[in-house]
Amino acid sequence: MESTVPAYKRNVDKKLSIYKGSTLNNLPEEFENFENITKTLDKKYRDVRGEKYWGLKIAVVVLTIVTAMAMYQGMKIANDFEIYKMDSDKRFDELKKDFRAEYLLLKTKSENDLESMKNNVQSDKDNLIKVIESQNEKIFELSGWFKASNNLFYKGFSEKVEYQTARNRCQQLGARLISTGFRDPAVRREIIPKICIRNIRIWIGLNDIEREGIWVWSDGEILTNIRSIPWRNGEPNNDGNEDCGEYLWRTTDDGVNDTECYSHCAYACEKAFS
Ligand SMILES: [Ca+2]
Ligand SMILES: [Ca+2]
């Protein structure tokens with residue numbers, strides 16, 4: 001600090017010590033004035049020094065405050081950011097969970113709805129098919145076809161034609177010469193009055209054209225037990241070359257006979273409805 005003491009003060013101090021040491025009891029007026037001046041200067045010096053340090057102190061305080069505020073703001077921002085980040089992460093996780101739960105809910109609902117719709121469509125389709133089939137069956141019955149208990153349809157035709165012609169006529173109707181229902185005794189009793197005229201021979205779907213003695217039905221079955229159907233007395237006798245089966249409905253000795261395929265008989269068709 002001594003190095004900062006101004007030169008004028010050093011001189012004053014020096015003069016003051018000289019005066020104080022030699023003429024303490026008779027200080028001249030000049031000295032009094034001088035001492036006052038010195039005091040004034042000391043005061044100004046202290047003021048100057050004080051002002052100088054006050055400025056520095058203020059600057060330091062301001063700088064400290066600013067720094068502290070900046071640090072505080074920085075820490076606050078960092079802290080706020082951390083809180084915000086944690087909050088955001090948490091909210092994001094919650095949103096993800098909510099979204100996944102919503103997605104699973106919608107997925108399950110969609111799958112259930114789709115399954116329900118499929119079931120409804122299938123149900124509607126089945127009902128519609130039943131209605132159409134029922135209507136078609138009625139139309140079919142109106143055109144002369146009889147629906148037997150085996151769910152097959154039967155119709156007799158009185159025109160007398162050869163066996164092959166009769167077979168073709170049935171095929172043109174999507175049908176076949178009677179076979180499945182005819183070999184079933186119960187169905188046979190049911191359909192004969194519907195498709196036959198008494199004392200008129202009709203072709204049935206049974207022949208041994210391919211191999212003599214091997215009787216094949218028009219639905220593909222083979223007649224393994226020859227006596228499982230009612231033959232007329234003495235039949236089948238293959239008299240000459242008789243390969244086609246005809247049935248005769250009458251009071252006595254009715255039944256099946258093998259006869260020439262070029263004979264002319266009425267015929268009856270059997271149709272599976274689909
Ligand atoms: Ca034969
Ligand atoms: Ca015969």
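Where a number appears in this text, it was derived from the coordinates with a stated rule and is not lab data. Everything numeric in this text was worked out from a predicted model, so none of it was measured. When we count neighbours, we look across all protein chains shown, and the Cβ atoms used for this are built from the backbone with ideal geometry, even at glycine.
Some points to look at:
- Farthest towards the positive end of the charge dipole of region 217-263, among the residues Tyr262, Asn233, Gly245, is the Cα of Asn233, using unit charges on the Cβ of Lys, Arg, Asp and Glu.
- Nearest-0.05 FRET efficiency for Glu111 and Phe273, computed from C-beta distance (R0 30 Å): 0.20
- Full-stretch length increase - Asp98, Asn168 - with 0.36 nm per residue and alpha-carbon distance subtracted: 18.1 nm
- Average silhouette area of the chain, convex hull of alpha-carbon atoms, in square nanometres: 37.1
- Extension gain, Ala68-Ile83: 0.36 nm per intervening residue step, less the Cα-Cα distance, totals 3.2 nm.
- The alpha carbons of region 128-274 give a radius of gyration and a Dmax of 15.1, 54 Å, in that order.
- Stretching Val61 away from Ile214 to a fully extended chain increases their span by 42.4 nm, per 0.36 nm per residue minus the current alpha-carbon distance.
- Note on region 34-131: Cα-Cα pairs beyond 17 Å make up 79% of the total pair count.
- Most fluctuating residue given options Asn33, Asn199, Asn136, as computed from a GNM of the chain linking Cα atoms under 10 Å: Asn33
- Pairwise FRET efficiency - Leu128 versus Lys160, Cβ, R0 = 45 Å, nearest 0.05: 0.60
- Given R0 = 41 Å, the distance between the Cβ atoms of Arg227 and Ile139 translates into a calculated FRET efficiency of 0.55.
- Exposed loop sites were defined as trypsin sites (Lys or Arg not before Pro) in DSSP loop states (anything but H, G, I, E or B) carrying at most 11 other C-beta atoms within 10 Å; in the chain the longest segment without such a site runs 1-197.
- Sequence-distant residues sharing a close amide H with Phe146 (under 5 Å, placed H): Tyr154, Lys155
- Result for the chain in a Gaussian network model with C-alpha springs under 10 Å: among Gly220, Gly181, Gly205, the largest mean-square fluctuation is at Gly220.
- DSSP loop chymotrypsin sites (Phe, Trp or Tyr not before Pro) with at most 15 other Cβ within 10 Å: longest gap in the chain: 1-261
- Entries of Lys97/Lys125; Lys160/Lys271; Lys125/Lys271 with Cα pairs more than 29 Å apart: Lys97/Lys125
- Cross-link partners for Lys109 among the lysines, with Cα-Cα distance under 16 Å and sequence neighbours closer than 8 places in the same chain left out: Lys118.
- The chain - percent relative contact order, Cα under 8 Å, separation 6 or more: 18
- Partner lysines whose Cα lies under 29 Å from the Cα of Lys15, excluding those fewer than 8 positions away in the same chain, are identified as Lys39, Lys43, Lys44, Lys52.
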